[in-house]
Amino acid sequence: MVMLFPMMGGEITPIVVGFAIGFLFGTQVYSNVSRRTVVMIICLCIVGASLFQAPVFTWSLIGGYITDGLSFAAPFISATIGILLGWAVRGGK
Amino acid sequence: MGSIESLYDKIKNFTAQFFGGKGFSSTMTGYTTAELQASVFLLVLASLFRIFSVPLGIILVIAAIAGVIVFAPLIVTLERENESDLNRVLFWVVIYFAIIIAVTMWGR
Amino acid sequence: MEMKELRGSRGVLAAVALLIIFIGVTVAFVQLNGNVARGISPEYNRLAHLQQPNSLSAWVYDWRGFDTLIETGVIYVGAVVSVLVIGRGLVRMKQVEGEEPVPQTSLDLKIGSVNAILKYFIFPLVILLAAYGILIVTGAATSGGGGFQCGVVVASAYLIGAVFFGKKNPLNFRRKFLIAIGSFGWALYALLGLPGYLVTGYWQYNVGTDLWSSIAGFPAQIPSILHTIFGDPYRLALVLKGGTFYSTAGIVPLINIGEAFNVIGAICLIFLVFIYGWSDTEEAKA
Amino acid sequence: MSAVATNLWTIPLFVIIPIITAILLNLLYNKSRTIKVIAIASSIVLFVLALISPYGFQWFTGQPGVTPGGTYTFDASIFSYRLSLEYYFGGLQQILITIMSLLLVFVVFLSASSLRKNIGPYIALIFLLFMSSAIIIMVNDFYHLWIGVEMGSLLLAGVVAASGESISQKAALKYTFFSALSGAGMAIALAMILGVTGYSNITNAIQYIMSDNLSSLSGVLYIAFGFFVLSWIYAGGLAPIHPLKSDVYGSAFPHATVMLQTQSKLMIVAMGLIILRLFGTLPFAREVMLSVSVLTMIMGVTMALIQTDLRWTLAYLVVAHSGLVTLGISLGTVQGITGGLFQAVNDIVYMSVLLICCEAVMYFGKGTSIKTVGGIAKRAPWLALAVVIGAFAASGVPPFNGFQSEIILIQASLSSGLPEVAAIVLMVSVTTFIALFKPIYNIFLKPDNSPIAMEGDAGAGIATMAMVQPTSPVPKSIYLFLAILIAIIIVLGVYPQLALGFVQDTAIKVVYFPWVP
């Protein structure tokens, strides 16, 4: 039951909010680690997202829902990316 | 035998025993007043128990008078029990609470 | 009072008193057993589905939203007080000479043998924990999680960073940042009551969900613009046996974000103060 | 009966304005001028709000009540089970919050002008203290009562610890330690009441207790009562916890103590009335409350007599006079409760006068101990007059307000058949006079014979300059505040009906319609 449209607001808003908060916290991250670690974080994050699964009552692909039993917690991924981006932009001080 | 004056001297000497050193510092007057107050309060409190039964009140008043005389400087004890020491306060809270529970639950 | 004193008759007295308290409380609990009245709670459960899929969030934030606002305040105050006491601001009167406060020294954390592990593992863990906290707060409309849980998870990430990296904490929250998000969070929570207050007079009326304006005696109708602003961003389709229902949590997710910010700010600030100390000179440098 | 508003507009503002102000002040941190402006403006707004507010309810989050028929209502006068959190603003709330916000204006002004650093977070805490007290006096819900008490004790600890002396930090720590004990106790009490009745709303709980036969569950109610009284004792600093509370009062700055004692009076009144409404019909409930109050009075005044520092004398007197308030409440008659509530109002005012005078004494730079300060009446005669008037009011001398409430209390205890209690009230007011006049005589009237002043007589250095200049370091604003408060004292002393009109209504409701907040 994959739906692209119409998508409910409740499926996209958490992703945006997660990214924004992640970016905010990312600006506070202080570390100088290798590119390999960053790749590892992203891989771990996707594994984690599949373990957490999509939020209940999420039906769209963007929301992270693929089929029953296989879905991704999209806000988790977006939050991680937000943190990494925030770190890249303003962190490291 | 003795004249009025010697009686006066005797009383004066007797009362002078109670004061070591200079008897009229502002601290000392506070303690003396507090001592008197505390004993009077104790008597009034004891008499308050007449609302439960009059004989109990009488017995308690007599006991209070005896207590005031025996444990003479009450204020010293009172001051010690009024310390803000944590264990002491905790002790009194426990006692109070036990009395409240005992009276309300099994008091009738 | 010395412990010595408690060994004598006072100790016996205290023990008897504790025994009386114990018996009394036990009697009360035995009496209560099986006699608990349900009161109003079935009504809450009957209504919960009308506004969002998760009745826990509904209960905590919609009915008791104001209550939680003040509870949040307790955490905020806790942070302000610990910071005040630990060193940011012992207040002094102009006229009166006071004792000088003891200078704060930060806890020195020695990192020796954990180096190999932390190089590969702890940094990703900290980042992912923080992201997990954010996941929890974004899912507040649909799951049991909420602001407080988010705050605690992020704070634990911060604490792990502090334990393993010492002063080079990867989640290097700065003081002003923490104070700012803590204050912003509580203010956001408090001010989210404003739309409902202005429209209906009830503080923190959930204008996005708008359960009650159809009932007689309710003072006002909610303008559709408010309903859209606060309702639509979190609208979800509930595909249930009985059909598809459309439900929104209204201002509850936003409240949760406020709560999360407040808790992150407050708890991390408490950690920061207790671990790193707080001296005015360092603050001036920062 | 006309519909009673359940969305009274002023009630949320009493909570939200202090919160927002506190957040702003905490962010501003050390910008003293801005802080002063914002804080004073906000406290004046609160005062005006309290003055003009109509009476009514606020059902927070706008959830209605459920009638027994299963329909919903937004009318407080219809019998219903409340889904929402309920606050009530009536006569008692109006007079207490008005006075508290007036004091808030003074306290904020004093602390903003007399403190050196970090005033932002400190004044923020004072605003939150106001908020928590307002919550406690308005709330009609157990959960929120508990949160108010918890937050109040935390704030109290914060305000006290902020003054930065080791003694005050110790006092704050001890007091918070006990908050764990009594906060948990109160939580147990609330859990038991909730378990028995199923309602966290006080009105609903009382209705349930009165309408249902709970004789098989009476043990639960007794234990709940015990725990409730324990936390009442804690919140008000009554008898066994009074050493901790007087430590707190004595070691905070006097201007902070003004707010702290106001908060504790409000807590005593609010919780005492709730205990009376809920458990007033239980056997021995009033006797327990009465004995706690009598012991508090006795301990308070006796300990006040032996203090040698004006701050500490006042600290113990505040405790003792809390006993007068609770005495009236625990008598449980209309006259007694009226007297207790009126005493609370008077007490807040005259103790504030004394405490502000005490703060003014600190401006002379030698502390407040009777051993170090002296001869202040010469340098600040108006201050001496104010402190004497405050002492007269506190000890119940006729043209002032303390007399009016104490005479009501004495009459109430006489008509309840307790002449001994009346005697104790009389003795407490007389002893208050004695306890206060020792420090007042030593600090204000006795010539200054401290070492520095002696040096000054010998004609050396700066001390001489201080002696030669008769100007007092006390700012004019303090005289203004004292004048306002003394005006209130005299007005209430001459026309007690002004305040009695506010509190009598509450007293009647507590006795005859206990479910009505």
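The values are calculated or read from the model by the stated rules, or taken from the named source; none is laboratory data. Not measured: the values here are computed from a predicted model. Every residue, glycine as well, gets a Cβ built from its backbone with ideal geometry; the counts of neighbours run over all protein chains shown. When the accessible area is computed, the model is the full protein with side chains, heavy atoms only, and any ligands, DNA or RNA have been set aside. Shrake-Rupley method; radii C 1.70, N 1.55, O 1.52, S 1.80 Å.
Can you pull out the residues in the range C:162-191 that are farther than 27 Å from D:Thr21 by Cβ, buried (at least 21 other Cβ atoms within 10 Å of the Cβ) and more than 9 Å from every other protein chain (Cβ to nearest Cβ)? Please lay out each step first, then the result.
If we filter the range C:162-191 for residues that are farther than 27 Å from D:Thr21 by Cβ, which is where we start, we get C:162-172.
From what's left, buried (at least 21 other Cβ atoms within 10 Å of the Cβ): C:162, C:164-165, C:169-171.
Within the range C:162-191, C:Ala162, C:Phe164 qualify.
For the range B:54-68, check the following and say yes or no: at least one residue is at the interface with another protein chain (Cβ under 7 Å from one of its Cβ atoms) and either open to solvent by 20 Å² or more (accessible area, probe 1.4 Å) or without any contact (Cβ under 8 Å) to a residue 60 or more places away in the chain (or both).
no
Given the conditions (1) under 26 Å from C:Val81 (Cβ atoms); (2) modelled with pLDDT of 90 or more; (3) touching a helix residue (DSSP H, G or I) at 6+ places or on another chain (Cβ under 7 Å); (4) open to solvent by 10 Å² or more (accessible area, probe 1.4 Å), and given that C:Ala157 satisfies all but one, which numbered condition is not satisfied?
It is condition (4) that C:Ala157 fails.
Hey, does the range D:33-50 have a residue that's among the charged types (D, E, K, R) and part of a helix (DSSP H, G or I)?
Looking through the range D:33-50, at least one residue is among the charged types (D, E, K, R) and part of a helix (DSSP H, G or I).
Just need a number here: residues in the range B:77-86 that are surrounded by 13 or more Cβ atoms within 10 Å (Cβ to Cβ) and part of a helix (DSSP H, G or I). Please lay out each step first, then the result.
First, the residues of the range B:77-86 that are surrounded by 13 or more Cβ atoms within 10 Å (Cβ to Cβ): B:78-79, B:81-86.
Next cut, part of a helix (DSSP H, G or I) only: B:78-79, B:81, B:86.
Count: 4.
Got at least one residue in the range C:47-54 being part of a helix (DSSP H, G or I) and either more than 30 Å from D:Met151 (Cα to Cα) or at pLDDT below 75 (or both)? Walk me through it before giving the result.
Narrowing the range C:47-54 to residues part of a helix (DSSP H, G or I): C:47-48.
Filter again for either more than 30 Å from D:Met151 (Cα to Cα) or at pLDDT below 75 (or both), leaving C:47-48.
Yes: one or more hits.
Can you find, within the range A:41-93, the residue that is nearest to the chain's Cα centre (by Cα) among those that are free of Cβ contacts under 8 Å to residues at least 12 places away in the same chain and within 19 Å of C:Leu236 (Cα to Cα)?
Filtering first and then ranking leaves A:Val56.
Collect the residues in the range D:86-116 that are outside any helix (DSSP H, G or I), within 14 Å of chain C (Cβ to nearest Cβ) and either open to solvent by 10 Å² or more (accessible area, probe 1.4 Å) or under 30 Å from D:Trp515 (Cα atoms) (or both), keeping them in residue-number order.
Hits for the range D:86-116 are D:Glu86, D:Tyr87, D:Phe89, D:Arg116.
Starting from the range D:142-166, keep only residues that are more than 18 Å from C:Ile75 (Cβ to Cβ), then list their pairs with residues that are polar (S, T, N, Q) and not in a helix (DSSP H, G or I) whose Cβ atoms are within a distance under 6 Å, requiring at least 6 positions of separation or different chains.
D:Phe142/D:Ser200
Would it be correct to say that B:Ala72 is on the phi < 0 side of the Ramachandran plot and surrounded by fewer than 19 Cβ atoms within 10 Å (Cβ to Cβ)?
Spelling it out, B:Ala72 is indeed on the phi < 0 side of the Ramachandran plot and surrounded by fewer than 19 Cβ atoms within 10 Å (Cβ to Cβ).
Go through the range D:291-315 and give me each residue that's open to solvent by 10 Å² or more (accessible area, probe 1.4 Å), facing chain B (nearest Cβ under 9 Å) and part of a helix (DSSP H, G or I).
Result: D:Ser291, D:Leu295, D:Ile298, D:Met299.
Among the residues of the range D:201-230, what is the count of those that are more than 11 Å from every other protein chain (Cβ to nearest Cβ) and assigned to a helix (DSSP H, G or I)?
Total satisfying the criteria: 6.
Being of a type in the set (Val, Ile, Thr) and within 9 Å of chain C (Cβ to nearest Cβ) is the filter here; which residues of the range D:132-158 pass it?
D:Ile135, D:Ile147, listed by residue number.
How many of the residues making up the range A:39-73 are at the interface with chain C (Cβ under 9 Å from one of its Cβ atoms) and either farther than 30 Å from C:Ser247 by Cβ or open to solvent by less than 70 Å² (accessible area, probe 1.4 Å) (or both)? Show your work before the answer.
Within the range A:39-73, the first condition is being at the interface with chain C (Cβ under 9 Å from one of its Cβ atoms), and the residues that meet it are A:40-41, A:44-45, A:48-49, A:52, A:55-59, A:73.
Now restrict to residues that are either farther than 30 Å from C:Ser247 by Cβ or open to solvent by less than 70 Å² (accessible area, probe 1.4 Å) (or both): A:40-41, A:44-45, A:48-49, A:55, A:57-59, A:73.
So the count comes out to 11.
Mind listing whichever residues of the range D:48-85 are over 22 Å from the mean Cα position of the chain (by Cα), polar (S, T, N, Q) and crowded, with 19+ Cβ neighbours inside 10 Å?
Result: D:Gln58, D:Thr61, D:Gln63, D:Thr73, D:Ser80, D:Ser84.
Quick one: D:Phe284 ticks every box in (1) of a type outside the set (S, T, N, Q); (2) at negative phi; (3) more than 19 Å from the chain's Cα centre (by Cα) except a single one, so which number is it?
(2)
Between D:Thr368, D:Thr432, which is within 21 Å of D:Val319 (Cβ to Cβ), touching a Lys or Arg at 6+ places or on another chain (Cβ under 6 Å) and crowded, with 17+ Cβ neighbours inside 10 Å?
D:Thr368
Of all residues in the range C:192-235 being assigned to a helix (DSSP H, G or I) and hydroxyl-bearing (Ser, Thr, Tyr), which is surrounded by the most Cβ atoms within 10 Å (Cβ to Cβ)?
Start the filter on the range C:192-235 by keeping residues that are assigned to a helix (DSSP H, G or I), which leaves C:194-200, C:224-234.
Within this subset, residues satisfying the condition of being hydroxyl-bearing (Ser, Thr, Tyr) are C:197, C:200, C:224, C:228, C:234.
Details: C:Tyr197: 23, C:Thr200: 21, C:Ser224: 10, C:Thr228: 14, C:Tyr234: 27.
Within the range C:192-235, the match that is surrounded by the most Cβ atoms within 10 Å (Cβ to Cβ) is C:Tyr234.
Within the range C:129-140, take every residue that is within 7 Å of chain A (Cβ to nearest Cβ) and over 13 Å from A:Ile15 (Cβ atoms) and give me the one that is most open to solvent (accessible area, probe 1.4 Å).
C:Tyr132
I'd like the residue in the range D:24-51 that is over 18 Å from D:Met100 (Cβ atoms) and either hydroxyl-bearing (Ser, Thr, Tyr) or touching a Phe, Trp or Tyr at 6+ places or on another chain (Cβ under 6 Å) (or both) and, out of all such residues, is farthest from the other protein chains (Cβ to nearest Cβ).
Taking the candidates together, the pick is D:Thr34.
Could you list all residues from the range D:52-85 that are within 20 Å of C:Tyr61 (Cβ to Cβ) and assigned to a helix (DSSP H, G or I)?
Residues satisfying the conditions are D:Phe60, D:Thr61, D:Gly62.
This table checks each residue for (1) in a helix (DSSP H, G or I); (2) open to solvent by less than 70 Å² (accessible area, probe 1.4 Å); (3) modelled with pLDDT of 90 or more.
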position: D:Ala391; (1), (2), (3): yes, yes, yes
position: D:Ile424; (1), (2), (3): yes, yes, yes
position: D:Val428; (1), (2), (3): yes, yes, yes
position: D:Pro439; (1), (2), (3): yes, yes, no
position: D:Ile452; (1), (2), (3): yes, no, no
